[in-house]
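Down below is the structure, laid out as structure tokens.
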Amino acid sequence: VRGEVEGTVEFTGANTFFGKTAALLGNSGEHSNFQTLLVNIVLVLVAISSVLCFIVFVYLLTLTNFSEALSFTVVLMVASIPIAIEIVTTTTLALGSKELSHDGAIVTRLAAIEDMAGMAILCSDKTGTLTMNKMVIQEETPIYRKGESQYTLLRYAAMAAKWWEPPRDALDTLTLTAVDMPSMDQVEQLDYIPFDPVVKRTEGTIRDKQSKCVFRTTKGAPNIILDLVLSAENNCTNADKLRAAVEKDLHRLGLRGIRSLAVAKTDDNGYWELLGLLTFLDPPRPDTK
């Protein structure tokens, strides 16, 4: 089943089922490695102190009365147990967090400093962390049909979306913010197939208001659009050459971390033609080194 549906959002964020689950995981109360190490050290020292204090207490009973021996042993035990070890380590970690703040690192949990110190590999989500979480169209636009340009590719890509409505996903936002919106008044959309995780593309049936010509446009993953263009029923004449050119461009762009969005359009006979690739990149944040 494919199509569109409208719904009403009743809960967001922490009030949703997944939000409550994440909150429970965040408040699990688990101890860090550093806290576990401190507890083990204290337990070992308490055990040693207890044994030694007992030996001292027995020895003092041979020299003095029970009351004085017990008082001395209690004082010795209190002095030998590292009560202030947590205060000292917390103060040390606080000073370390202050030093890290000078390098732009914000410490929200002091035990994380020790965890980070013992870390060999750090896996981080780059989107929104190292990058701006905002896709930007790049100037480089591989073209596979003569006469096309980035301007026309953006228009055809916008025709494969509902350009008169607010963007519904990141790719629609990417194309609709860069397209020449006044030029879209020259065409009207007759039908629209929204994005489907199975087919990985969107499609629009368009009619030119001046020439009354009807055609279809689509945008989506390059490999999906390429297979659509090179399918047997599409009657592509230069399939091997086109596939080699597209795969070469995708590999070259991928080495630089640039992603691509393929755009295709039907010709007068209803056959799909690959127009080109729109390239985009999530640029790094200014403070990313």
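Within the stretch 183-200, can one find any residue that is surrounded by 12 or more Cβ atoms within 10 Å (Cβ to Cβ), in contact with a helix residue (DSSP H, G or I) (Cβ under 6 Å, 6 or more places away or on another chain) and of a type in the set (D, E, K, R)?
For the stretch 183-200, residues surrounded by 12 or more Cβ atoms within 10 Å (Cβ to Cβ), in contact with a helix residue (DSSP H, G or I) (Cβ under 6 Å, 6 or more places away or on another chain) and of a type in the set (D, E, K, R): present.
Using the structure shown, decide if residue 243 is under 23 Å from the mean Cα position of the chain (by Cα), over 21 Å from residue 183 (Cβ atoms) and open to solvent by 80 Å² or more (accessible area, probe 1.4 Å). Step through it out loud before you land on a result.
Details: under 23 Å from the mean Cα position of the chain (by Cα): no; over 21 Å from residue 183 (Cβ atoms): yes; open to solvent by 80 Å² or more (accessible area, probe 1.4 Å): yes.
Considered against the rule, which asks whether it is under 23 Å from the mean Cα position of the chain (by Cα), over 21 Å from residue 183 (Cβ atoms) and open to solvent by 80 Å² or more (accessible area, probe 1.4 Å), residue 243 comes out as no.
Taking the condition of being under 19 Å from residue 196 (Cβ atoms) and β-branched (Val, Ile, Thr), how many residues in the stretch 134-185 meet it?
2
The conditions are (1) touching a Pro at 6+ places or on another chain (Cβ under 8 Å); (2) part of a helix (DSSP H, G or I); (3) without any contact (Cβ under 8 Å) to a residue 60 or more places away in the chain; (4) open to solvent by less than 20 Å² (accessible area, probe 1.4 Å), and residue 225 fails exactly one of them. Which is it?
For residue 225, the failing item is (1).
Each row is one residue, and each column tells you yes or no for (1) touching a Leu at 6+ places or on another chain (Cβ under 7 Å); (2) touching a residue at least 40 places away in the same chain (Cβ under 8 Å).
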site: 167; (1), (2): yes, no
site: 180; (1), (2): no, no
site: 256; (1), (2): no, no
site: 264; (1), (2): yes, yes
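Restricting to the stretch 254-270, what's the tally of residues that are among the hydroxyl-bearing types (Ser, Thr, Tyr) and exposed (fewer than 15 other Cβ atoms within 10 Å of the Cβ)? I'd like the intermediate steps shown before the answer.
In the first step, residues of the stretch 254-270 are kept if they are among the hydroxyl-bearing types (Ser, Thr, Tyr); the result is 260, 266.
With the extra rule that they be exposed (fewer than 15 other Cβ atoms within 10 Å of the Cβ), the set shrinks to none.
So the count comes out to 0.
Which of the residues spanning the stretch 110-138 are within 19 Å of residue 35 (Cβ to Cβ) and in contact (Cβ under 8 Å) with a residue 12 or more places away in the chain? Walk me through it before giving the result.
At the first step, the residues of the stretch 110-138 found to be within 19 Å of residue 35 (Cβ to Cβ) are 110-119.
Once the filter is applied, which keeps residues that are within 19 Å of residue 35 (Cβ to Cβ) and in contact (Cβ under 8 Å) with a residue 12 or more places away in the chain, the stretch 110-138 yields 110, 111, 112, 113, 114, 115, 118.
Hey, among the residues in the stretch 147-173 that are under 16 Å from residue 222 (Cα atoms) and touching a strand residue (DSSP E or B) at 6+ places or on another chain (Cβ under 6 Å), which one's surrounded by the fewest Cβ atoms within 10 Å (Cβ to Cβ)?
Taking the candidates together, the pick is 156.
The values are calculated or read from the model by the stated rules, or taken from the named source; none is laboratory data. All figures in this text were calculated on a predicted structure; none of them were measured in a lab. When we count neighbours, we look across all protein chains shown, and the Cβ atoms used for this are built from the backbone with ideal geometry, even at glycine. All accessible areas refer to the heavy atoms of the entire protein, side chains included, with ligands and DNA or RNA removed. Shrake-Rupley method; radii C 1.70, N 1.55, O 1.52, S 1.80 Å.
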